[in-house]
Each structure stands twice: as C-alpha cells, then as structure tokens.
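Notes for the one structure printed next.
The values are calculated or read from the model by the stated rules, or taken from the named source; none is laboratory data. None of these values were measured; they are calculated from a predicted model. Please note: Cβ atoms are built from the backbone with ideal geometry, for glycine as well, and neighbour counts cover all protein chains shown. We work out accessible area using only protein heavy atoms, side chains counted, and drop any ligands, DNA or RNA first. Shrake-Rupley method; radii C 1.70, N 1.55, O 1.52, S 1.80 Å.
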Amino acid sequence: MSSASLSPVTPTLQERDEDKFPTPEYTELNEDDRELEALGYVPSFKREFSNLATISFAFSIMGLCSSIATTFNTPLLLGGPASVTWCWILGACMCFTLGSSIAEIVSAFPTCGGLYSASALLVPKKERARVGWVVGWLNILGQVAGVSSTEFGLANMIWAAVVISTDGNYVVTQGMVVGLFAGLLVVHGILNSLATRYLAHLTKGFVFVNLGTTALIIITLLAKTPRAEMHPASYVFGPSGLINQTGGWNTGIAFLFGLLSVQWTMTDYDATAHISEEVRRAAYAAPAAIFIAVIGTGIFGWILNIVMVLCSGDLADLPGPSGSAFLQIMVLRLGKPGALFLWSFVCLTAFFVVQTAIQANSRTIYAFSRDRGLPDRGYFGHNSRLTQTPLRAIWLNTVIAILPGLLDLASPVAANAIFSLCAIALDSSYIIPIILRRIYAHHPEVNFKPGPFYLGDGIIGWGCNITCTLWTCFIVVIFSLPNVLPVTPDNMNYASVITVGVIVLSGIWYMIDGHRHYNGPRSNLHDADADKVISDDRKGDTQASEVVTRVA
C-alpha cells in the first residue's frame with residue numbers, strides 16, 4: 001500500500017524520524033502485520049481466526065434460518081407468499097453484487113476499521129475527515145441497530161416458544177420481552193469479553209449449527225407434509241400468492257416490503273473486515289469468507305423460504321398465538337415437541353448472530369475511538385492487556401444496543417423500525433466507499449492498491465458497483481415507508497427519522513467541535529514506537545541498576 005494513503009494526515013513508515021523512533025524489525029512480523037503497518041497501524045490483536053473460523057463468522061453474522069424466522073412475518077403478512085419467495089431471490093442477487101464490491105475493498109484494506117477506514121483513504125486528503133466521519137457514524141448506527149434488532153428478535157423467539165409450550169395460555173408483556181432482551185445482551189457482553197483465542201474456537205462450530213438446522217427444517221417439513229396439503233406452484237410463485245394486507249398500499253409496494261427479510265438477513269457484510277486484524281492471511285480469508293457466505297446464504301435461504309411457503313397451510317391461521325408464522329408452520333407439520341426441539345436450534349443460531357455482531361461492532365467502535373471520532377478522547381480505543389480485546393468498546397456497544405429495544409415499551413409496531421434502520425444505515429455506509437473508489441480512481445492523492453480479491457475495472461467490476469449502488473438507493477426508499485396505512489404514531493416507521501437525526505446531529509457536532517480533533521484514520525505507529533523506546537529505556541535503567549547493585 002502506498003504511503004500516500006495516509007499522508008499528510010498522519011506520518012507513514014517512510015516519514016518517521018528514524019533516530020527518535022527506530023524502525024520495527026520486519027523479520028519479526030508476518031505478512032498480515034506488514035500489510036497492516038503499511039496501512040499505518042501497529043498490530044493490536046492476536047491473529048487467532050483460522051479460515052474455517054472466519055467463514056463460520058461470516059455465515060453466523062447473517063444467521064440464515066434464525067434471521068429468516070425473525071423477519072418471516074413481514075413478507076408473508078404484507079405481500080403474501082409470492083413476496084416471500086420472489087423478494088428473497090431478487091434481493092439475494094442484488095446482495096451478491098454488494099457483497100462482491102465490499103469484498104474487494106476489504107481485501108485492499110484489511111483493518112478493523114473496515115469500510116470506515118477504507119472510505120477515508122479512497123478520497124483526496126482534504127476530504128478524508130468529512131468522509132470518514134459520515135461513514136463511521138452511519139456504520140456504527142447500522143451495526144448497533146443490527147445487534148439490537150437481532151437480540152430483540154431472539155427475545156421474541158424465546159417467548160414464542162413459551163407460548164407454544166403452554167398451548168397459548170401464557171401472556172407475554174412488552175416488559176417481559178424488553179427484560180429478556182436486555183438480559184441476553186449482558187450475557188453476550190460477558191462472552192465477548194473472552195480472549196480472541198476462545199472466541200475463535202467458539203466461532204468455528206457456528207456454521208455447522210446454522211446450516212445443519214436449516215437442512216433439518218427443510219427435510220423434516222417436506223417429509224411430514226402430505227403431498228395433498230402442499231400449496232400449488234401458483235400460490236408459491238404465481239399471482240394467487242400475491243395477497244396485499246397493508247391496508248392501503250398498492251400490491252406492488254406491498255410485494256416490495258418482502259425485501260426487508262433478505263436485506264436484513266444479508267447485511268453486515270463488512271463484519272468480517274472488522275475482525276481482519278484477528279484473522280490469518282486476512283487479505284485472502286476475509287473477502288473469501290464474505291463471498292462464500294453471501295452465495296451460501298442466498299441459495300439455502302431461498303430453498304428454505306420456498307419450503308416454508310409450500311408447507312404453510314392456511315394463511316388465515318398465521319401467525320398464530322405465538323406471533324411467529326415460522327414457528328406456527330413448524331408446529332403444524334412437526335407437532336409441538338418436534339417443532340420446539342428444532343426451534344431451540346433456531347434460537348441458538350440467533351444467539352450466535354448477536355455474538356458475532358457485537359464482536360464486529362466493538363472493533364468498529366474501537367477503531368473510530370482510536371481515530372478520535374468519538375467524544376471520548378480515545379478512551380474506548382483501548383485494548384485490555386489481559387484479553388487483548390477492546391473491553392471498553394464491547395461494553396459500550398452492549399449498553400447502547402439496549403436503547404433501541406426500549407421502543408417496544410412504547411409501541412411493538414414502532415420497535416420494528418430497528419430492523420429497517422439496520423439495513424438503511426449499513427447499506428448506505430457500504431455504497432459510499434464503493435462510489436468513492438470509482439470517482440477518485442485516478443486522483444494523484446489516492447492510490448488504490450487492489451488486494452488478492454479484485455473484480456477489476458472491466459464490465460464485471462463496474463457492473464457490480466453500479467448495480468449495488470442503484471439497488472441500495474432503491475431499498476432505502478422502500479424501507480423508509482410505513483408498512484401499514486393509514487399512518488399513526490403507533491405504526492410509523494421511524495427508521496428514516498432516526499438515521500437522518502443521527503447524521504444531522506453528528507454533522508452539527510463535527511462543525512462545532514469534531515473537526516478540531518478528528519482528521520480521519522490516524523496512524524498509531526508513533527505511539528507504539530514511543531512506547532517501545534520508553535520500554536527499552538526502562539529496561540536499560542533496570543539493567544544498569546542491577547549492575548550497580550552487583551558492583552556495590
């Protein structure tokens with residue numbers, strides 16, 4: 001990576017004062033750490049994630065069966081069964097172009113800052129601070145909403161199981177949902193406080209539970225549903241499956257609301273980038289994991305959606321007493337014991353999603369704080385000496401993620417806005433570096449060095465970049481619309497309001513104070529070298545003292 005990527009905001013390896021700050025011994029660094037230092041950062045994490053753990057992490061952040069289960073009501077009960085099947089494959093194809101575009105940037109910039117750091121390095125020097133500021137806040141907002149919405153969905157899934165097990169005789173209140181939601185977040189905060197090597201070992205098995213549960217649900221539903229009770233193709237794929245239940249929107253808009261499921265499931269692509277400083281051969285493994293996870297989730301997710309609709313029974317009976325159409329279909333076909341047994345693994349998959357999401361988001365907060373993008377004077381940009389993980393950032397993320405879930409106390413319908421908020425904020429933060437890479441491709445102050453995963457400058461590269469940009473702009477509009485008409489304060493979609501509010505407030509803060517201390521991604525090489533000099537001086541003083549003592 002060229003030294004022009006960071007200058008003059010921060011000094012690079014070539015610009016350091018060699019007399020004051022000795023050059024690190026490169027023979028002691030592996031290829032990943034050399035690349036990281038070329039980007040301007042001293043390695044801060046231990047690289048404990050193998051290829052399998054990285055792929056498992058990428059799959060787990062999307063969730064597949066648990067994410068589909070969490071959002072299955074939206075397409076089914078707004079646009080109908082055909083919306084479930086067609087919106088998934090349409091969205092999955094578009095997500096493939098976005099995931100591929102992100103993977104090539106992650107390959108070029110394998111840092112825990114992810115696309116936030118990359119965005120600031122893909123523009124001229126004078127624009128770096130403003131671009132990094134906007135992308136950083138959007139990305140953190142989207143990731144916090146992702147953690148919150150997934151945990152909120154898990155809490156509802158657990159209570160749905162309780163309702164089913166008691167034959168609908170148990171009443172679940174909003175306070176109970178929010179209480180379980182907050183408790184689960186605390187548990188995930190504790191688990192994420194473990195050292196990286198334990199997180200890597202824990203993550204390896206996530207992918208097998210995820211894909212195995214999905215396969216079991218597909219096989220058992222098909223085996224237990226009589227052929228005569230399966231819906232015809234016209235209901236699953238055709239016009240008879242288009243059932244508008246929005247109360248006022250036309251059928252086309254009602255159909256497009258089904259995109260929420262796939263867009264919410266297949267997002268947070270850059271999560272793997274945020275752990276890239278903990279991944280071996282990150283420039284290869286991180287983008288490859290994104291690519292594999294996007295394809296796998298898209299294909300298996302479509303098959304699962306088709307089977308769920310095929311075996312769904314009468315639409316009038318859904319979502320049933322549990323409030324989850326996905327669980328109700330399983331109970332219908334597998335019986336209560338069988339459904340609850342498989343449902344426990346679906347809940348476990350959702351648990352894994354939050355686990356990986358908090359790990360990824362805490363690294364983003366760590367990087368943003370390290371660059372002085374938060375009003376904390378770098379407090380949260382600190383790694384624990386005990387675990388070599390950003391414990392402060394982990395617990396800040398845990399506490400903040402509780403706040404969106406409190407919307408459920410005001411209105412369960414309004415609380416669903418956090419699902420749309422996740423997709424809007426994250427996908428918006430993704431297309432900014434994709435656009436900037438093309439706009440400033442030949443600018444003298446921007447030297448984009450492609451990584452091992454590269455789409456190229458031909459029709460494939462341009463096609464993916466343009467397609468995903470236009471698609472993201474389109475879904476932002478769709479997800480900003482209220483799902484039900486007429487609009488009331490209780491069913492209003494607050495996703496766009498929250499997103500715009502955060503952008504405006506962060507922009508005002510930047511103009512008032514942020515510009516004084518935030519200059520975009522900043523190198524910590526000087527800090528590390530200064531610490532090394534101090535450490536060496538102290539070591540020398542100690543040795544000298546020992547010599548004097550012996551002489552005396």
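Condition check: touching a Lys or Arg at 6+ places or on another chain (Cβ under 9 Å) and either closer than 27 Å to F474 by Cβ or not in a helix (DSSP H, G or I) (or both). Does I89 satisfy that? Judged against the criteria, I89 is not a match. The stretch 148-228 holds helices (runs of 4 or more DSSP H) entirely within its bounds, and those carrying 2 or more residues that are in contact with a strand residue (DSSP E or B) (Cβ under 9 Å, 6 or more places away or on another chain) map to 196-204. Scanning the stretch 319-345 for residues that are over 19 Å from V171 (Cα atoms) and open to solvent by 40 Å² or more (accessible area, probe 1.4 Å) yields a total of 5. Mind counting the residues in the stretch 445-470 that are farther than 26 Å from L90 by Cα and open to solvent by 50 Å² or more (accessible area, probe 1.4 Å)? Number satisfying all stated conditions: 5.
Does F448 count as among the aromatic types (F, W, Y) and in contact with a Phe, Trp or Tyr (Cβ under 7 Å, 6 or more places away or on another chain)? No: the conditions fail for F448.
Residues that are polar (S, T, N, Q) and touching a residue at least 40 places away in the same chain (Cβ under 8 Å) were ranked within the stretch 445-469; the one that is farthest from F291 (Cα to Cα) is N447. Applying the condition of being touching a Gly at 6+ places or on another chain (Cβ under 8 Å) and hydroxyl-bearing (S, T, Y) to the stretch 336-384 and asking which residue is modelled with the highest pLDDT yields T349. Remark: F152 matches the filter, which requires a residue to be under 28 Å from W395 (Cβ atoms), touching a residue at least 12 places away in the same chain (Cβ under 8 Å), surrounded by 24 or more Cβ atoms within 10 Å (Cβ to Cβ) and of a type in the set (F, W, Y). Here A528 meets each of (1) out of contact with any Leu (no Cβ under 7 Å at 6 or more places or on another chain); (2) at pLDDT 85 or above with one exception, condition (2). The single condition from (1) assigned to a helix (DSSP H, G or I); (2) touching a residue at least 40 places away in the same chain (Cβ under 8 Å); (3) not aliphatic (A, V, I, L, M) that F474 fails is (2). Residues satisfying the criterion are present in the stretch 245-265 (criterion: among the hydrophobic types (A, V, I, L, M, F, W, C), part of a loop (DSSP other than H, G, I, E, B) and either on the phi < 0 side of the Ramachandran plot or surrounded by fewer than 19 Cβ atoms within 10 Å (Cβ to Cβ) (or both)).
Every residue, every condition in (1) of a type in the set (S, T, N, Q); (2) open to solvent by 10 Å² or more (accessible area, probe 1.4 Å); (3) under 19 Å from the mean Cα position of the chain (by Cα), yes or no:
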{"position": "V134", "(1), (2), (3)": "no, yes, yes"}
{"position": "W159", "(1), (2), (3)": "no, yes, no"}
{"position": "G168", "(1), (2), (3)": "no, yes, no"}
{"position": "S193", "(1), (2), (3)": "yes, yes, yes"}
{"position": "T196", "(1), (2), (3)": "yes, no, yes"}
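The condition (being modelled with pLDDT under 85 and either in a helix (DSSP H, G or I) or buried (at least 24 other Cβ atoms within 10 Å of the Cβ) (or both)) is satisfied by just one residue among A273, A288, A293, A316: A273. Among the numbered conditions (1) more than 29 Å from M266 (Cα to Cα); (2) at pLDDT 80 or above, the only one that I503 does not meet is (1).
Do we find a residue being open to solvent by less than 70 Å² (accessible area, probe 1.4 Å) and within 15 Å of Q355 (Cβ to Cβ) anywhere in the stretch 229-238? There is no residue in the stretch 229-238 that is open to solvent by less than 70 Å² (accessible area, probe 1.4 Å) and within 15 Å of Q355 (Cβ to Cβ). Note on the stretch 96-128: residues that are closer than 28 Å to I418 by Cα and aliphatic (A, V, I, L, M) amount to 8.
If I ask for residues that are open to solvent by 30 Å² or more (accessible area, probe 1.4 Å) and farther than 28 Å from W133 by Cβ, which ones from the stretch 478-490 would you list? Listed by number, the residues that qualify are L481, N483, V484, L485, P486, V487, T488, P489, D490. When residues in the stretch 145-168 are screened for being closer than 23 Å to N192 by Cα and out of contact with any Pro (no Cβ under 7 Å at 6 or more places or on another chain), 12 of them pass.
Residue count for the stretch 121-135 satisfying the condition of being out of contact with any Ser or Thr (no Cβ under 8 Å at 6 or more places or on another chain) and under 26 Å from T196 (Cβ atoms): 0. Of the residues in the stretch 109-129, how many are hydrophobic (A, V, I, L, M, F, W, C), within 17 Å of T54 (Cα to Cα) and assigned to a helix (DSSP H, G or I)? Selection size over the stretch 109-129: 0.
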